[in-house]
Amino acid sequence: MKIAPIDLGCPKNTVDLEKVVGLLVRPELRIVGDPREADVVIINTCAFIRPAVEEALETIIETARLKKQGIPRVVVTGCLPQRFGRELAGLLPEAELVVTARDPARIAARIRRFLGLRATRHEATRWSLTPPHYAYLKIAGGCDNRCAYCTIPLIKGRYRSKPAEAIMAEARELVRRGAQELIVVAQDTTLYGAERGSPSALPELLRALGQVDGPRWIRLMYTHPAHVDEAVIATIAGEERICKYIDLPVQHGSDRILAAMGRKTTRAQLEQLVHHLRQQIPSLAIRSTVMVGFPGETEEDFEMLLDFLETVRFDHLGVFTYWPEEETRAAAMAGQVPEEEKNARQAQVLDLQSRISSARTASLQGRTVQVLVDEVDKTLGISWGRTEWDAPEVDSRVRIDDILELGHFAAVRITGSDGFDLYATPASRSSTSAAAGEGAELNVPREVSRA
């Protein structure tokens, strides 16, 4: 039997699907990448906002069309059935099985029964959907923040921290299988352990991960700015293997909109946090996300956002338009912003961030940095890598004019940029010994990092 997994979710969902597939794997099963070759397709869905729901439905329908060729059976898991429940099955005749469970073990057990497979006693392992040299390490499920626009608590429930022992065992297994980079994820990583009365649990976990023999990079994602404390900052600053990088979703720069969103921060607090982070960790790169078009967002609020972004100058920024989602507080709020205005505001923020990012990448020209090689194109004779300051899929990449070893680290010299991605050559080509010496320091230029 051949199974093809399709992952439409965020990294947290990706981990769940990797565990489901790992629990299903046995000698008589093969995992394939092409649904046209499969007997069964498992579609792991996202349903955070309407476009994600639409993408999931389109994927299910497109996959079901393959049945005209006699294949495959379609199984739907993830956020779509978790959000909309069992009634979804009646609305999706294209799917033979819709699994509403959240826990990967329960999802795998339901699929196993559906396929008529016997249970096995082998320990659960993850089937990697990412390249083997990096892996996402999920430390918690659910969310307790209850932001006015967010469906995650409705889909995933209350925040639940994973036991540290289980996380460490999983981390060691991922490293044994070749992971050079562990990317720590949860809906809010900074809440780790809080529901168990352990507010210092995240720094302790990060320090323990830093002692695992093998990984060179440990990256921290999804940190809520209201929960980033001195212990977290000190840990990032002090632990050699923890990337000098933080994902800090701020969502807005207007106090009025931040309060309406339920974000528990003010603009002044956000500016102070960013400034403090860069003071304590001068080489830090900060990724953030903002939302435009939230109900009641006026032109004045939007101008405050632009001014805020110009002030803090994030190294990386994602920009989203607000979507009114059923059962969220924001969906019932007055002052819904027209779609055209939302899109126009998104374009303005993207234009501003493009100028900020261009200045950042230009300032790196001539420097020697370390990259982790993510992709090799032997036909073109190039490789693609990332610096310590770039997460996979969402941040900048480095295009290297040579064939390097996939999944390994390399010193490269930055020769230019296109405003977002960087261009480089191997540092070994450099005739300047001083330039090679620069590679020992992985520092974002301070004039770029300054708040």
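Does Ala179 fit the bill of being part of a loop (DSSP other than H, G, I, E, B), open to solvent by less than 10 Å² (accessible area, probe 1.4 Å) and over 30 Å from Gly296 (Cβ atoms)? So Ala179 passes the test.
Scanning segment 300-336 for residues that are of a type in the set (Phe, Trp, Tyr) and either over 19 Å from Phe84 (Cα atoms) or in contact with a strand residue (DSSP E or B) (Cβ under 9 Å, 6 or more places away or on another chain) (or both) yields Phe302, Phe308, Phe314, Phe320, Tyr322. Residue count for segment 392-426 satisfying the condition of being under 21 Å from Met221 (Cα atoms) and aliphatic (A, V, I, L, M): 2. Restricting the search to helices (runs of 4 or more DSSP H) fully inside segment 60-173 and requiring at least 3 residues that are surrounded by fewer than 21 Cβ atoms within 10 Å (Cβ to Cβ) gives 87-91, 104-115, 152-156.
Results for (1) touching a Ser or Thr at 6+ places or on another chain (Cβ under 8 Å); (2) closer than 28 Å to Val232 by Cβ; (3) assigned to a helix (DSSP H, G or I), shown as yes or no for each residue.
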residue: Glu271; (1), (2), (3): yes, yes, yes
residue: Val274; (1), (2), (3): no, yes, yes
residue: Phe294; (1), (2), (3): no, yes, no
residue: Thr311; (1), (2), (3): no, yes, yes
residue: Gly318; (1), (2), (3): yes, yes, no
residue: Glu325; (1), (2), (3): yes, no, no
residue: Ala344; (1), (2), (3): no, no, yes
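State yes or no: is Val369 open to solvent by less than 40 Å² (accessible area, probe 1.4 Å) and either touching a residue at least 60 places away in the same chain (Cβ under 8 Å) or outside any helix (DSSP H, G or I) (or both)?
Numbers: open to solvent by less than 40 Å² (accessible area, probe 1.4 Å): yes; either touching a residue at least 60 places away in the same chain (Cβ under 8 Å) or outside any helix (DSSP H, G or I) (or both): yes.
Considered against the rule, which asks whether it is open to solvent by less than 40 Å² (accessible area, probe 1.4 Å) and either touching a residue at least 60 places away in the same chain (Cβ under 8 Å) or outside any helix (DSSP H, G or I) (or both), Val369 comes out as yes.
Restricting attention to segment 264-287, the residues that are open to solvent by 10 Å² or more (accessible area, probe 1.4 Å) and within 26 Å of Phe302 (Cβ to Cβ) total 12. Annotation note: Cβ proximity below 7 Å between a residue of segment 335-347 that is in contact (Cβ under 8 Å) with a residue 24 or more places away in the chain and a residue that is in a helix (DSSP H, G or I) (sequence gap 6+ or interchain) occurs for Arg345/Phe302. I'm trying to understand the selection: among the residues of segment 25-51, which are hydrophobic (A, V, I, L, M, F, W, C), over 20 Å from the mean Cα position of the chain (by Cα) and either over 25 Å from Phe84 (Cα atoms) or open to solvent by 10 Å² or more (accessible area, probe 1.4 Å) (or both)? Scanning segment 25-51 gives Val25, Leu29, Ile31, Val32, Ala38. Contact map, segment 134-151: first residue at positive phi, second residue charged (D, E, K, R), Cβ cut-off under 6 Å, separation 6 or more or different chains; pairs are Gly142/Lys156; Gly142/Arg158; Gly142/Arg160.
Here Gln187 meets each of (1) open to solvent by 40 Å² or more (accessible area, probe 1.4 Å); (2) farther than 30 Å from Glu339 by Cβ; (3) in contact with a Cys (Cβ under 8 Å, 6 or more places away or on another chain) with one exception, condition (2). Exactly one residue out of Thr311, Thr361 is surrounded by fewer than 19 Cβ atoms within 10 Å (Cβ to Cβ) and among the β-branched types (Val, Ile, Thr): that is Thr311.
Residues that are touching a residue at least 40 places away in the same chain (Cβ under 8 Å) and open to solvent by less than 10 Å² (accessible area, probe 1.4 Å) were ranked within segment 374-389; the one that is farthest from Ile403 (Cα to Cα) is Trp389.
The values are calculated or read from the model by the stated rules, or taken from the named source; none is laboratory data. Nothing here was measured: the structure is a model prediction, and the numbers come from that model. Backbone-built Cβ (ideal geometry, glycine too); neighbour counts: all protein chains shown. Heavy atoms of the whole protein, side chains included, go into the accessibility calculation; ligands, DNA and RNA do not. Shrake-Rupley method; radii C 1.70, N 1.55, O 1.52, S 1.80 Å.
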